[in-house]
Amino acid sequence: MNVGALSRPRSSRRALLISLSVLLIALVVGMEQLAPLFRALFPDQDPAMYERESFLNLTLAHLALVLVSSLVSVSVGVAAGLFVTRPAGREFEPLVSTLAAIGQTFPPAAVLAIVVPVAGFGFVPTLVALVLYGLLPVVQNTIAGLGTVPSQTLEAARGNGMSAWQILWRIELPLAMRVIIAGVRVSVIINIGTATIGSTVGAKTLGTPIIAGLVGNNLPYVVQGAVLVGLLAIVTDLAFERLEQRFSFGEGGNAE
Amino acid sequence: MIELQGLTKRYGETRVVDDISLTVEQGEFCVLIGPSGCGKSTTLKMINRLISHSEGKVLVGGEDITTLPPERLRRRIGYAIQSIGLFPHWRVADNIATVPKLLKWPSSRIAARVEELLALFQLDDEGLHDKYPHQLSGGQAQRVGVARALAADPDVLLMDEPFGAVDPLTRDTLQAELARVHRQTGKTIVFVTHDMDEALRLASRVALLNAGQLVQYDRPAELLVAPANDFVRDFIGRADLGLKLLSRRRVEEYCRPAQRTRNNAIASAPITWQVDANDRPMALLGGRLGEPETARTVVNPEWTATPEMSMKEALSRMVWFRVTALPVLDGEGRLLGEVTMSGVMGHRS
């Protein structure tokens, strides 16, 4: 195995992750300093800088929403995936897969329309929509990841006297982790983008300037929100990519 | 000691293992063999309860296996399968330490045991300790698998076609090594294979199964000279029977005293070995096919035999080099005796 050839793109990915993270933080903190630039780019637009709320606050609120919804999606999704791959829960597998799939086919806007009358405006209905929307990739990948563990490996684990719990914790989860994390990665990335629509029901997110820009026909607002959401998604994606590599045990995986 | 009493496994109406009774004595190397689907693997897995039996009893060391929790039972019985059974996310040392860790041995004892096993399987000088399974060759991975099965020093070792996935050359080496480890450790081994040559090579007893039933349980040579029925005869293969038998026998069983001389003079015996001052054979006088009895043939290292060599190999060398006798040499190359073409027939069975 040629380590040199492998480590090269990996280290350039790390440089990309670091530089984009720095760019993201700089934009979040210093977007307001770019007001002259936006005024020059959009001379006819007044105001050309979204100033009703600081971008730092919007970003933190956005992250909080994504973090909480992802935590719920991941815990529920992994638990459901584990349950249906145990002997006791195997018969529920089709049911759980279907439910998770329905959760994702439901447009988040429709979920908002249903949840708002029940739970009111703001954070909670957005959270519900994001949790439902982010569940499918986690459930699917948990089931798929556990399915990739070779049956001989499991037989060897049993034959060497491991209990069901020991097999799950020491063998199945570590070996399935890369695929599970890939599912979490998709779920989180989707939710970073989808969280913006929470602003239509009053949740504070990076979607707020985008919605305001769309409603008020203000292109600079849309650009300012969209650039941050896009950058946030790319940085998160790159970070997950690195996390996944830690759990690859096949060829070229654990060489580090 | 392992005792199977009327062991049966039913799936619905099908009896995949049907009323098998046999005893594997302490230190025995028992090979379960038979065609695909004969129930040999199922029988093996019922010994450590990877598969639960429907009827009958299994006693390991005199104890009924159902009296122990399955995990405790399995930690006392070594279990080796094909190399893919290694845990891919654990290094070699961690893989070998699986059972000792489950038994909560102190870490110093585990480390010492791992080193001991790496040495036993000649894996210690290759820096393999910290490698992951995918970095190993097939033969190395298989050795690690057997080392893992032996880690907690179980009395009994179960092996399910452990050498099925390696190339013939490596398999040959692994078989020789397993035979050596068996001699050194005196473990009771139950070994599943579908390869008759492997069975004849390793087994001290062979259990031949067909359609879930035990057809014959005997010493390998008995299987060859006294097959219980046509199925056994067919399974062993009607061809090569004599050679298969010879492959089980070692040169030392056929070795007889050699006639020596220190000069070119022909002695009274038809075959005479000319030896040097250190009793090393220099030349064979007579005993060369198609040549007069006085012919002198210089001894070539390629047509000598050692006491451990199989008679099949010795016979093969005689045929290939057209000599009717081979000198049997000890480790220093001294003449211990001879095996002859006519002696091949004269084994007292």
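The values are calculated or read from the model by the stated rules, or taken from the named source; none is laboratory data. These figures come from a predicted structure and were not determined experimentally. FYI the Cβ positions are ideal-geometry reconstructions off the backbone, even for glycines, and counts take in every protein chain you see. When the accessible area is computed, the model is the full protein with side chains, heavy atoms only, and any ligands, DNA or RNA have been set aside. Shrake-Rupley method; radii C 1.70, N 1.55, O 1.52, S 1.80 Å.
If a residue counts only when it is open to solvent by less than 30 Å² (accessible area, probe 1.4 Å), out of contact with any strand residue (DSSP E or B) (no Cβ under 7 Å at 6 or more places or on another chain) and of a type outside the set (Gly, Ala, Ser), which helices (runs of 4 or more DSSP H) contained entirely in the stretch A:55-133 have at least 2 such residues?
Details: elements: A:55-85, A:93-105, A:108-119.
Ranges flagged: A:55-85, A:108-119.
Let's see how each residue does on (1) in a strand (DSSP E or B); (2) under 24 Å from B:LEU178 (Cα atoms):
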| position | (1), (2) |
| --- | --- |
| B:LYS9 | yes, no |
| B:CYS30 | yes, yes |
| B:THR43 | no, yes |
| B:MET46 | no, yes |
Original post:
part of a helix (DSSP H, G or I), within 12 Å of chain B (Cβ to nearest Cβ), hydrophobic (A, V, I, L, M, F, W, C) and open to solvent by 20 Å² or more (accessible area, probe 1.4 Å) - does that describe any residue in the stretch A:174-191?
Top reply: yes
Original post:
Are any residues in the stretch B:227-285 assigned to a loop (DSSP other than H, G, I, E, B), modelled with pLDDT of 85 or more and farther than 21 Å from B:LEU336 by Cβ, and if so, which ones?
Top reply: B:PRO227, B:ALA228, B:ASN229
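Does B:ALA80 fit the bill of being in contact with a helix residue (DSSP H, G or I) (Cβ under 7 Å, 6 or more places away or on another chain), touching a residue at least 60 places away in the same chain (Cβ under 8 Å) and open to solvent by less than 70 Å² (accessible area, probe 1.4 Å)?
Judged against the criteria, B:ALA80 is a match.
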Subject >> Test: residue in the stretch B:122-133 that is open to solvent by less than 40 Å² (accessible area, probe 1.4 Å) and more than 14 Å from every other protein chain (Cβ to nearest Cβ) >> reply: yes
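Which of the residues belonging to the stretch A:134-166 are aliphatic (A, V, I, L, M) and either farther than 19 Å from A:ALA79 by Cα or crowded, with 18+ Cβ neighbours inside 10 Å (or both)? Step through it out loud before you land on a result.
If we filter the stretch A:134-166 for residues that are aliphatic (A, V, I, L, M), which is where we start, we get A:135-136, A:138-139, A:143-144, A:146, A:149, A:154, A:156-157, A:162, A:164.
Of everything in the stretch A:134-166, those that are aliphatic (A, V, I, L, M) and either farther than 19 Å from A:ALA79 by Cα or crowded, with 18+ Cβ neighbours inside 10 Å (or both) turn out to be A:LEU135, A:LEU136, A:VAL138, A:VAL139, A:ILE143, A:LEU146, A:VAL149, A:LEU154, A:ALA156, A:ALA157, A:MET162.
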Original post:
Does the stretch B:13-27 include one or more residues that are within 14 Å of chain A (Cβ to nearest Cβ) and of a type in the set (Lys, Arg)?
Top reply: no
Original post:
Does at least one position in the stretch B:87-97 carry a residue that is within 12 Å of chain A (Cβ to nearest Cβ), part of a helix (DSSP H, G or I) and open to solvent by less than 10 Å² (accessible area, probe 1.4 Å)?
Top reply: yes
**OP:** State yes or no: is B:LYS187 modelled with pLDDT under 85 and in contact with an Asp or Glu (Cβ under 9 Å, 6 or more places away or on another chain)?
**Re:** no
Subject >> Residues (part of a strand (DSSP E or B) and of a type in the set (Ser, Thr, Tyr)) located in the stretch B:170-216 >> reply: B:THR188, B:THR193
